[in-house]
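Just so it is clear, none of the values below were taken in a lab; they were calculated from the coordinates. Being a predicted model, the structure only gives us computed values, none of them experimental. Quick reminder, even Gly has a Cβ in these numbers, built from the backbone with ideal geometry, and neighbours come from all protein chains shown.
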Amino acid sequence: MIDTGSLGLTEAQLADAVGAAARAPSLHNTQPWLFRPTPDGIELHADRDRQLPVADPSGRELRIACGAALLNLRLALVGHGVRPLVTLLPDPARPDLVAVVRRGGSRPPTPEQRRLLEAVPRRRTNRRPFTDALVPTPARHALRRAALDEGAWLDLVTDPVQRVELGAMARRAHERQMADPEFVAELERWTGHGEERPDGVPAAAGGPLPRPNATWVLRDYSGGTARAADDVEAEPLIAVLSVHADGPREEVRAGQAMQRVLLTATTHGLAVSFLSQLVECPDVRESMRRLISGTRPPQVVLRIGQGWPVPGTPRRPLGDLLLPPPDGPTDTGLPGSAPLHVEDGPDPGSTNHHT
Ligand SMILES: Cc1cc2nc3c(=O)[nH]c(=O)nc-3n(C[C@H](O)[C@H](O)[C@H](O)COP(=O)(O)O)c2cc1C
């Protein structure tokens, strides 16, 4: 049985909330998160065993994924009438304890929170070609507002000169990554397989690849089976999400903002994929920072447009995502294998965030 503690949820509600959190996107679908229900609430931990050492040596993208899971968790709790109180990175001695979420009273969801929550299971990364239809202005405003609501910025790259430069930077970064045998080996370990795994990106979720002379490169998730596409959209909306600074707290903030942007895109019927080459190569990322925001470090680059439906990606069973409560192993009551490991530590500190 899960101890639902002071969150005041039924076991089914808690399972639903963790399930919503686990629907978040993550680099190569590593799903690098663990959850621990405690008498006080629920802890979200980064799962270091699922960090990608070549693509993400600092764990920046791992913390962005955890931030995305945190936003989903907050929305799911609001959906169950719980006002979440979130403390980010409460214990310097335990840097993988990303957040603690406690009950901050009761509150029904707003219509917007309800819309975002309903988008959680519908959101997908869409690597297929988009149509040439432009993203309408109201949707552009909504995407920027979504980032601002979470303390981040979303720069829409519309200047033609900047777009040409950014496209060239993405190509440079992409070619460098694909010439690195370790990067390619890591990509192959996590992508392009069949449907049998509960993690990674199956080949079915990959798209056709743009022709070599196309403006925007896309990473191959098909395991080498992708056809070259002639129907890739000419002018996708390119959006760069940035936050005040680098560092773990800002990266978790960026992850929450990214997820709010992605869910908002879903509510507007938009398709989104990523151009992470631009933020994974440090020198390219620095050039992009100077090109786009001037000061704020870019965290996520998105390709946004109008697309067709794509299949979803798998998720690990909930039972594999739960750490036992602080006082020792327990039956989680959820399907999946045994909890992964136990950690001890003092109760985390004060509140710093409301949904
Ligand atoms: C920080 C981050 C970086 C990502 N970078 C890329 C990328 O460069 N290219 C891409 O196609 N997908 C990228 N993804 C998307 C993941 O592959 C995707 O979220 C995962 O496979 C799960 O699929 P879903 O988003 O459809 O649920 C990224 C996701 C995150 C969170």
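Taking every DSSP bridge with both residues inside the chain, close to 85 percent are antiparallel. Roughly speaking, what is the centre-to-centre gap between segment 125-192 and segment 1-60 when only Cα atoms are used, to the nearest Å? So the separation of the two Cα centres works out to 26 Å. Computed about the Cα centre, the dipole magnitude for the chain is approximately 1100 debye when only Lys and Arg (+1) and Asp and Glu (-1) carry charge, each at its Cβ. Convex hull volume of the Cα atoms of segment 107-229, normalised per residue: 173 Å³.
Expressed in Å, the radius of gyration and Dmax of the Cα atoms of the chain are 19.7, 59. For segment 137-305, the antiparallel share of DSSP beta bridges with both residues in that region comes to about 80%.
The residues neighbouring R316, those whose beta-carbon lies less than 15 Å from its own, together hold a net charge of -2 under the Lys/Arg +1, Asp/Glu -1 convention.
Which Cα, out of P326, L263, N29, lies furthest along the positive dipole direction of the chain (beta carbon charges, K/R +1, D/E -1)? Of the options given, the answer is L263. Counting only Cβ charges, +1 for Lys and Arg and -1 for Asp and Glu, the dipole size of segment 137-305 around its Cα centre is about 500 debye.
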